[in-house]
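Participant: My questions will all concern the structure given below.
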Amino acid sequence: MKRFIEPNELARDSRFIRQDNAMATVLASMPDDVDAIVAAFEQFSPMIEESVRGTAAEELFEAYGPAFTLVVLNEPLDPDSAAATMRLILRMHGIFVGELQALEGAARSLWDFPDAPWEFKMNMARQCWDEGRHVQIFEKLLEHLGGHVGMFPESTFLFEAACSDDPAMRVAGVNRGLEGLACDVFRDMIRYAEKTGDEVMQQAVDYVLADEITHVRFGSEWVKEFTKGDPEHLKKTQDFRREVDKQFSFGGSRSDREDAAIPIAWEDRKEAGFSEEELKDLAAVSAEGPSKETLTQAAQILRDRFHAKRSGEGAPS
Amino acid sequence: MSERMYPGMSPDERTTFAPYSAFDIPADLRQLHGRYDVASVAKRVRNFRYAEEWMMMIMGGWVATVPEVPVKTGIGKVIWEGAQAADEFGKRLPELRCGRKAVEASEASNDGFASFVQAVAEPETPDLTIEKLVGIFDVLKPHMVEIYETTMRETDQISDAPTIEILETVVRKTRRHIAWGQEVLDRLCDTEALRERRRARADELSERLAASGGVTGTLASDRGQLN
């Protein structure tokens, strides 16, 4: 068995549909410019349409056009908002596949780095069990909400962004970047479940959040250990984590901005070993995306053009 | 004479408590002397650690390349329990005069066993879940249980009790792993052709395993001892 695999080698059963990762990269690097965002989404429109065909996201595509991801990511999850349940299921599905990729990432660390210290292997092995349970938990929660596995396409950009062939960067990407994002998202989900009185979801996600804090702590400790006495390596690792954080901020949707759909979970992250300085850095990196106003305008233009095209009127200028 | 609680300096100053052997309450028929001395048990434990560590790493490599979600999640737990087994074996080594740094010492019994382990790790693509699982759950783990139980039976029951304690837990969990893996394989191999694939892979690996002498390299003499 070879060491290191490509994201397109992640094995899936026939329920799953892949989504091109290019869109995630576009989301991560969007400028604060309505025209540029509209142009980018129009360019990717055929690819987005292709990837949602036959999935539950097709309904969202038909309603919002190619920018439906902007609407989904940009607006905070509110039980009273339009299509709240479908958006919640979409997010839950995203978390399910994220957990699957986190399981695969932790497990590959055991095979890809055979000479790593034993304690590192123990931590990764423990993470395999935890992520396996998380996959089971989110499959149950998906069903609890009326969804099912495979109803939305899967992007493998989490695996792609986080799976470096350097163990320090791998744990910085997976355990600090990806699992840190999980802390933010799960805290938000708990708030949502409290609002709706969904005790099943609230308790399950709370347990998962506790596990994720442990995983971030693994990352915090192993980045230090792997880069001990090598400030250049540490800097490279921090830069890599920053890149991953930027990509996982989805153009500011996860950030410390007032208009963020997913706020940064400061307290949970501090418990997991993030320093005040690192959190300020994360807040700055994640806030670099376009403003909410820009995204709202772009989404509106894209929706109007899409519907005009669908009804044969041609795009309004 | 009044009841004496503590012994004094002369024979008539003995306590009044009735004498018992260390094995009388409750009756304990264990006897001293096992088949292995300290150095041989240490070698066995290093061999066991090698197998558990490699099984854990191999399954770690497979999680991403098996398409069946329940296999991915189930393997996640087997990996963690394999890591715990390897860790317990490692912690036993310094107690067997191997030095404090020995906690991470894994050792293949011989090149044949090391090469057998690499053969178990060989299947890679998503269409080979059966071949992957057979190597671990039909061949290697059942072999490990056999050797663990032989070791538990034949080592010094009193002097080497700490090794036995570790093995008891590992055997209990390994039996559960085998039951899970074989149930998955039974479900996956639902045609005669697939069952044949399973048998062929198991036969091929079992032959290699036997030729290597197994995890401790002493399979033939272990089995001879049993007979």
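Values quoted throughout were computed directly from the atomic coordinates according to the rules given, and no laboratory measurement underlies them. Fair warning: this is a prediction, and the values are worked out from it, not measured in the lab. Please note: Cβ atoms are built from the backbone with ideal geometry, for glycine as well, and neighbour counts cover all protein chains shown.
Participant: At 7 Å along Cα-to-Cβ for each site, give me the label-to-label distance between residue A:22 and residue B:104 in nm.
Facilitator: Label at residue A:22, label at residue B:104, 4.4 nm between them.
Participant: Could I ask something else about it? Simple spin-label model, 7 Å along Cα-to-Cβ: residue A:228 to residue A:310 in nm?
Facilitator: Taking the two extended label points, one gets 5.9 nm.
Participant: With r as the distance between the Cβ atoms of residue A:199 and residue B:35 and R0 = 56 Å, compute the FRET efficiency 1/(1 + (r/R0)^6) and round to 0.05.
Facilitator: Plugging the Cβ-Cβ distance into 1/(1 + (r/R0)^6) gives 0.45.
Participant: Between residue A:221 and residue A:81, what FRET efficiency follows from the Cβ-Cβ distance if R0 is 30 Å, with the result rounded to 0.05?
Facilitator: Efficiency at R0 = 30 Å is approximately 0.15.
Participant: Anything over 18 Å Cα to Cα? Flag those among A:236/A:270; A:2/A:224; B:43/B:101; A:224/A:246; A:195/A:270, in the order listed.
Facilitator: A:236/A:270; A:2/A:224; A:224/A:246; A:195/A:270
Participant: Further question on the same structure: For the pair residue B:114 and residue A:47, how long in nm is the line joining their label points, each one 7 Å along Cα→Cβ?
Facilitator: Result: 4.6 nm between the two label points.
Participant: If each DSSP helix of 4+ residues adds -39,500 (n - 2.57) and the sum is divided by the residues in the protein assembly as shown, what number results at 222 nm, nearest 500 deg cm²/dmol?
Facilitator: -21000 deg cm²/dmol
Participant: Still on this structure, I have one more. Provide the per-residue ³J(HN,Hα) series for segment A:111-120, in order, calculated from phi with Karplus coefficients 6.51, -1.76, 1.60 and θ = phi - 60°, each as a whole number of Hz, with x at glycine and proline positions.
Facilitator: For segment A:111-120, the Karplus curve yields 8, 6, 10, x, 9, 5, x, 4, 4, 5 Hz.
Participant: Using amide H atoms built in the peptide plane, which far-off residues or other-chain residues are under 5 Å from residue A:18 H to H?
Facilitator: Amide H to amide H, under 5 Å and 5 or more residues apart or across chains, residue A:18 pairs with A:154.
Participant: Additional query: If I fit a long axis through the Cα atoms of helix B:111-121 and take the longest principal axis of the Cα atoms of chain B, what angle between them do I get, 0 to 90°, rounded to 10?
Facilitator: 50
Participant: Find, among the trypsin sites (Lys or Arg not before Pro) in segment A:224-317, those assigned to loop by DSSP (not H, G, I, E, B) with at most 16 other beta-carbon atoms within 10 angstrom.
Facilitator: Taking segment A:224-317 and a limit of 16 other Cβ atoms within 10 Å, the loop trypsin sites (Lys or Arg not before Pro) found are A:228.
Participant: Length gain on complete extension for the stretch residue A:14 to residue A:206, per 0.36 nm per residue less the alpha carbon to alpha carbon distance?
Facilitator: Full extension from residue A:14 to residue A:206 adds 66.0 nm.
Participant: Enumerate the calculated ³J(HN,Hα) couplings along segment B:37-44 in order (Karplus 6.51 cos²θ - 1.76 cosθ + 1.60, θ = phi - 60°), each rounded to whole Hz, writing x wherever the residue is Gly or Pro.
Facilitator: Per-residue couplings from phi come out as 8, 4, 5, 5, 5, 4, 5, 4 Hz.
Participant: By count of other Cβ within 10 Å, fewest leading, how are A:91, A:176, B:49, B:176 ordered?
Facilitator: Ordered from fewest to most neighbouring Cβ atoms within 10 Å, A:91, A:176, B:49, B:176 come out as B:176, A:91, B:49, A:176.
Participant: Over segment B:37-226, how many percent of alpha carbon pairs lie in each 5 Å bin up to the one with the longest distance?
Facilitator: P(r) over segment B:37-226, rounded to whole percents: 1, 8, 17, 21, 20, 15, 9, 5, 2, 1, 0.
Participant: Amide H of residue A:262: which non-local residues (sequence gap of 5 or more, or other chain) have their own amide H closer than 5 Å, using H built in the peptide plane?
Facilitator: HN-HN under 5 Å from residue A:262: A:254, A:255.
Participant: Please list, in chain and number order, the residues 5+ apart from residue B:4 or on another chain whose amide H is under 5 Å from its amide H, with Hs placed from the backbone.
Facilitator: Sorted by chain and number, the residues that satisfy this are B:16.
Participant: Related question: If I build a Gaussian network model for chain B, linking alpha-carbon pairs within less than 10 angstrom, which residue out of B:172, B:197, B:14 has the largest mean-square fluctuation?
Facilitator: B:14
Participant: Taking R0 as 45 Å, what's the FRET efficiency between residue B:195 and residue B:154 from their Cβ-Cβ distance, rounded to 0.05?
Facilitator: Efficiency, from the Cβ-Cβ distance: 0.80.
Participant: Which aspartates and glutamates have a Cα less than 13 Å from the Cα of residue A:235, not counting those fewer than 8 places away in the same chain?
Facilitator: Hits, sequence-local ones excluded: A:243, A:278.
Participant: Kindly write out, for segment B:124-141 in residue order, the coupling ³J(HN,Hα) from the Karplus curve 6.51 cos²θ - 1.76 cosθ + 1.60 (θ = phi - 60°), rounded to whole Hz, with x marking Gly and Pro.
Facilitator: These are the phi-based 3J(HN,Hα) values: 10, 7, x, 7, 10, 4, 4, 4, 5, 5, 4, x, 7, 8, 9, 10, 6, 5 Hz.
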